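Encoded as structure tokens, the structure appears first; notes follow it.
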Amino acid sequence: MKRKIDSIIEAIIFVCGILSIIFVALIFGFLLKEGFAFFKEFGVIGFITGDLWYPTSDPPKFGILPLIIGSLFVTAGACVIAVPIGVMSALYISEVAPKGVRDVLKSFVELMAAIPSVVIGFVGMVTLVPLVRTIFDIPTGLTAFSGSIMLAFMAMPTIITISEDAIRSVPWSYKEGALALGATKWQTLHRIVLRAAMPGIIAAIMLGIGRVVGETMAVMMITGNAAQIPYSIFEPVRTMTATIAAEMGETVRGGMHYRSLFAIGLVLFLITFIVNFTADLFLGKTKK
Amino acid sequence: MSAKIQIKNFNLWYTDFHALKDVNISVEEKRITAMIGPSGCGKSTLLRAINRINDTIEGVRVNGEIIVGGKNIYSENTDVDILRRNVGMVFQRPNPFPISIYENVAFGLKVNGIASRKSVIDETVQQSLEAVLLWDDIKHKLKKSALTLTLEQQQRLCIARVIAVKPQIILLDEPCSSLDPVATQRIEELMIQLKDIYTIVIVTHNMQQAARVSRDTAFMLLGELIEFAETGKIFTNPNRKETDDYVSGRFG
Ligand SMILES: Nc1ncnc2c1ncn2[C@@H]1O[C@H](COP(=O)(O)OP(=O)(O)O)[C@@H](O)[C@H]1O
Ligand SMILES: [Mg+2]
């Protein structure tokens, strides 16, 4: 009897595992099929380097350079904001804060992670956007910069929690060794503890940023959605994800516009893949 | 001969646990002083009081004085970082930092602002590694992670790291307990060489080791200093019965 249950459970687990592989393969296959159908007709170079995105004009223009740059601005901005603040917070929580403060901060960070992204986008739209407009005295607060701040806010809980784990698992003997050599607490933290925790911190950053690269709703609500090449982060932009989400409903199934959105998905996939791959290479190197 | 370290009526508590009770010792300059006693008697605690690394443990309270270089290190105006630079420590398990061999030795120079010119640092790194007889083995792989070394090499590196900042006192807490007998013997030889320049205090639960390397020996039991005398006297003709029982292997 026990044997039988065991083998049934095994079979279920096996099927689940296979299913997840099949799903990924199917999604990827679909992306490839539609994407390549588009590239065959329109060409890759013109798609990636074209600076105009007018998918519904006649003739349509499918240049996603503005979208790529839009995504790049928003994501890079989010990194610049979230990485230092996130890592510093992790350092503060794990090494500096007294116990009471630490517990409060940790639950606060967990709470931050639980806020749905639409809510963050919505709150950002009514508070952050007007603020950015007045502070920088620009025509609209719906800018790449506002999007970066929102994304940074979403990436931070992941970065903080995972970095904190990495920092706290640095062996006590390293700290003791550094202090015993006359290092101050701060020197010990940034020269030894941070360095020893670096592989974990990089993984934290990758996961945090990875979480927001694909983020759509909040970004769509806040960045102004203008498919034009921005010349500064204080201009409205539109990201690749936002484009797919916004336009998929209006396309004709099987048409060029429809397929172009899959092609964008393919490009997005490729970029994410390259980023993850580089991170893996880097992680493997620092671990040795 | 002047006393380098004077421990006077020293008491230490871990929260409520009275770990050191009225300890008095005078450690002389430029010789090796050993602390022996059964496990848990407070040897490490006493050693770690001399560079105030116990301060990092929550709930530690002390009372009494430890005088190093004429000053009570537990007085309020002691600069702990300067004290620790002056009183180096080697731990029971080798604890090289997970960075390169070179950076391990250069660490103390950089954090203490002793040297910043690369040529000066290079020279000190070489001298320190030579002093622990490691230079010839590893000079071609200074950029490699220190964790790639053998345990013995790691412990030598930890000693080199301490020597690099030119302390006057070196504290060693069972430095050979994770090494094999051959490596132990070589580290002992190294210590004997180093005593001409540094004042060395070594904790060991290996009585033969204390007998081999030290000039003076302190015997501790349950947080108290039972007897402190020349090593020869402690091992052949101790004053106290407890010491005699311990060194003749009747307990511990
Ligand atoms: N961090 C600590 N907190 C509480 N008690 C401790 C701590 N470290 C050591 N002790 C206690 O203090 C006593 C002396 O320990 P230690 O100095 O490590 O002994 P030894 O080095 O002679 O083996 C032991 O009873 C030990 O349990
Ligand atoms: Mg000990």
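From the list A:Ile233, A:Ile205, A:Ile201, which one is open to solvent by 50 Å² or more (accessible area, probe 1.4 Å) and under 23 Å from A:Thr272 (Cα atoms)?
None of the other options fit; the residue is A:Ile233.
In the range B:69-83, what residues are open to solvent by 40 Å² or more (accessible area, probe 1.4 Å) and either within 12 Å of the chain's Cα centre (by Cα) or within 14 Å of chain A (Cβ to nearest Cβ) (or both)?
B:Asp79, B:Asp81, B:Ile82
Would you point out which residue out of B:Asn54, B:Asn104, B:Asn112 is within 14 Å of chain A (Cβ to nearest Cβ), closer than 30 Å to B:Met207 by Cβ and surrounded by 16 or more Cβ atoms within 10 Å (Cβ to Cβ)?
That would be B:Asn54, the only listed residue that is within 14 Å of chain A (Cβ to nearest Cβ), closer than 30 Å to B:Met207 by Cβ and surrounded by 16 or more Cβ atoms within 10 Å (Cβ to Cβ).
Of all residues in the range B:179-219, how many are open to solvent by 40 Å² or more (accessible area, probe 1.4 Å), in contact with an Asp or Glu (Cβ under 9 Å, 6 or more places away or on another chain) and either modelled with pLDDT of 90 or more or within 15 Å of ligand 2 (Cβ to nearest atom) (or both)?
4
Which of the following residues is within 14 Å of another protein chain (Cβ to nearest Cβ), more than 16 Å from ligand 1 (Cβ to nearest atom) and in contact with a strand residue (DSSP E or B) (Cβ under 9 Å, 6 or more places away or on another chain): B:Ile234, B:Ile159, B:Ile200?
B:Ile159
Conditions tested, residue by residue: (1) within 13 Å of another protein chain (Cβ to nearest Cβ); (2) in a loop (DSSP other than H, G, I, E, B); (3) within 14 Å of ligand 2 (Cβ to nearest atom).
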residue: B:Ala34; (1), (2), (3): no, no, yes
residue: B:Ser39; (1), (2), (3): no, yes, yes
residue: B:Arg85; (1), (2), (3): yes, no, no
residue: B:Asn95; (1), (2), (3): yes, yes, no
residue: B:Pro98; (1), (2), (3): yes, yes, no
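Go through the residues of the range B:61-70 one by one and say whether even a single one is under 25 Å from A:Ala178 (Cα atoms) and either within 16 Å of ligand 2 (Cβ to nearest atom) or without any contact (Cβ under 8 Å) to a residue 12 or more places away in the chain (or both).
Scanning the range B:61-70, I find no residue that is under 25 Å from A:Ala178 (Cα atoms) and either within 16 Å of ligand 2 (Cβ to nearest atom) or without any contact (Cβ under 8 Å) to a residue 12 or more places away in the chain (or both), so the answer is no.
Looking at the range A:175-195 only, could you name the residues that are open to solvent by 30 Å² or more (accessible area, probe 1.4 Å) and facing chain B (nearest Cβ under 8 Å)?
Within the range A:175-195, A:Thr184, A:Gln187, A:Arg191, A:Arg195 meet the criteria.
I need the full set of residues from the range B:38-51 which are within 16 Å of the chain's Cα centre (by Cα), open to solvent by less than 20 Å² (accessible area, probe 1.4 Å) and not β-branched (Val, Ile, Thr), in order please.
B:Gly42, B:Lys43, B:Leu46, B:Leu47, B:Ala49, B:Asn51
Against the definition (in contact (Cβ under 8 Å) with a residue 60 or more places away in the chain, away from ligand 2 (no atom under 16 Å from the Cβ) and either within 13 Å of chain A (Cβ to nearest Cβ) or more than 15 Å from the chain's Cα centre (by Cα) (or both)), how does B:Gln6 come out, yes or no?
So B:Gln6 passes the test.
Which pairs turn up if I take residues in the range B:40-53 that are within 16 Å of B:Glu224 (Cα to Cα) and more than 7 Å from ligand 1 (Cβ to nearest atom) and look for partners that are open to solvent by 10 Å² or more (accessible area, probe 1.4 Å) and among the charged types (D, E, K, R) with beta carbon separation below 6 Å, at least 6 apart in sequence or on another chain?
From the range B:40-53, the pairs are B:Leu47/B:Asp173.
The values are calculated or read from the model by the stated rules, or taken from the named source; none is laboratory data. Note that the structure is predicted; figures quoted are calculated from it, not measured. All Cβ positions, even for glycine, are placed from backbone atoms using ideal geometry, and neighbour counts span all protein chains on display. Note: accessible area is taken over every heavy atom of the protein model, side chains too, but ligands, DNA and RNA are not part of it. Shrake-Rupley method; radii C 1.70, N 1.55, O 1.52, S 1.80 Å.
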